[in-house]
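Chemist: Got a structure for you, written out below as structure tokens; questions coming shortly.
The values are calculated or read from the model by the stated rules, or taken from the named source; none is laboratory data. This structure is a prediction, so every number in the text was calculated from the model and none was measured. Cβ atoms come from the backbone with ideal geometry, glycine included; neighbour counts cover every protein chain shown. Side chains are part of the model used for accessible areas, which takes the heavy atoms of the whole protein and leaves out ligands, DNA and RNA. Shrake-Rupley method; radii C 1.70, N 1.55, O 1.52, S 1.80 Å.
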Amino acid sequence: MPTRHPRRRYPASRRPRPARRTSRRRRYPRSRSSRRHDRQVLVLGAGVLGIAAVWAAVAWLVTHVWAVIMLGAVAVVAATWFVNQNRQRQAWNRVQQQALRYELPQLDALGHRDFEYAVRDLMRRDGCADARQIGGAGDNGADVLATDPQGRSWVIQCKHRKAGDRGSAVGTPDLQRVNGTARQLYGADIVLVITNGRFSNRCAPLAQQLHMHLADRRMLAAWAAGSRPLWELLPRIPTPRSGN
């Protein structure tokens, strides 16, 4: 007959306790009125801080009037110096532009884009303050735009030749290209094609028919190395606009 072992008894302090079931408290979202109240408190606090900062600044200025006067004086002196420097720089730029001269070897050595800038600078020298270079992709045949002192609008196409008059001649397609856009797109009074090279024999009759102007190497030399503007060198220049 099997032997029965007595049931083991644990002291009360060592008896295993059943695991406690923890209950999670359900969190409810804050109400819309509570959030609105928090925003109002933040806005009110920011307003109070702003008013305090302004009040402190005003109080500091009132007690330090001499500092405000000194800062104002420094600002006036700095502004006056800046205006004077700007005027002197503009005057010096005008002097440099008026003294601008080019010789044909200098122009021959330029790249095509630099030749356009040289033509722009010569137009500025002669009083076309708004002369600007626009040559590049999508220029529609125009490389330089300018308005002369008489109010006439110029559209200039520049054709540069590295070999000067020994290079290829400028042909009629170049004239037709700029003529098709100069007046319609840019409202040109004077359409000019200028080159440090030469024009083909067919260019002069076509230019006269299209009421365009040509400046070849000889005229470019007279213009770039002298002090007379293009409108005094080119024949049959339109009269100035009324009111100029």
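Chemist: Can you list residues from other chains, or at least 5 along the same chain, whose modelled amide H is less than 5 Å from the amide H of Ala131?
Modeler: Those lying under 5 Å, H to H, from Ala131 are Thr147.
Chemist: Any idea what diffusion coefficient region 140-191 gets from Stokes-Einstein, in µm²/s, Kirkwood Rh on alpha carbon pairs, 25 °C, 0.890 mPa s?
Modeler: 206 µm²/s
Chemist: Another question about this same structure. Can you tell me, using C-alpha contacts under 8 Å and at least 6 residues apart, the relative contact order of region 93-243 as a whole percent?
Modeler: Once normalised by length, the contact order is 21 percent.
Chemist: How large is ³J(HN,Hα), in whole Hz, for each residue of region 102-108 in order, when computed from phi with the Karplus curve 6.51 cos²θ - 1.76 cosθ + 1.60 and θ = phi - 60°, using x for Gly and Pro?
Modeler: Running phi through 6.51 cos²θ - 1.76 cosθ + 1.60 with θ = phi - 60° gives 10, 9, 4, x, 5, 5, 5 Hz.
Chemist: Further question: Just to confirm, what accessible area per residue do you get for region 140-244 at 1.4 Å probe, in whole Å²?
Modeler: Each residue of region 140-244 exposes 48 Å² on average to a 1.4 Å probe.
Chemist: Would you kindly derive the ³J(HN,Hα) couplings of region 224-235 from the backbone phi angles with the Karplus curve 6.51 cos²θ - 1.76 cosθ + 1.60 (θ = phi - 60°), listing them in order in whole Hz, with x for Gly and Pro?
Modeler: 6, 9, x, 10, 8, x, 4, 5, 9, 9, 7, x
Chemist: Considering amide H positions built from the backbone, and no H for Pro or chain starts, which residues 5 or more places from Asp143, or on another chain, come under 5 Å of its amide H?
Modeler: It is Ile156, Gln157, Cys158, by chain and number.
Chemist: To continue, here is another question. Given H placed on each backbone N at 1.01 Å, which residues far from Ala188 in sequence or on other chains put an amide H within less than 5 Å of it?
Modeler: Result for Ala188 returns Arg183.
Chemist: What are the ³J(HN,Hα) values, in whole Hz, obtained from phi via the Karplus relation 6.51 cos²θ - 1.76 cosθ + 1.60 with θ = phi - 60°, for each residue of region 188-194 in sequence order, with x given for Gly and Pro?
Modeler: 5, 8, 10, 10, 10, 10, 10
Chemist: Let me know the charge dipole size of region 169-221 about its Cα centre in debye, to the nearest 20, where only the beta-carbon of Lys, Arg (+1) and Asp, Glu (-1) is charged.
Modeler: Computed about the Cα centre, the dipole is about 140 debye.
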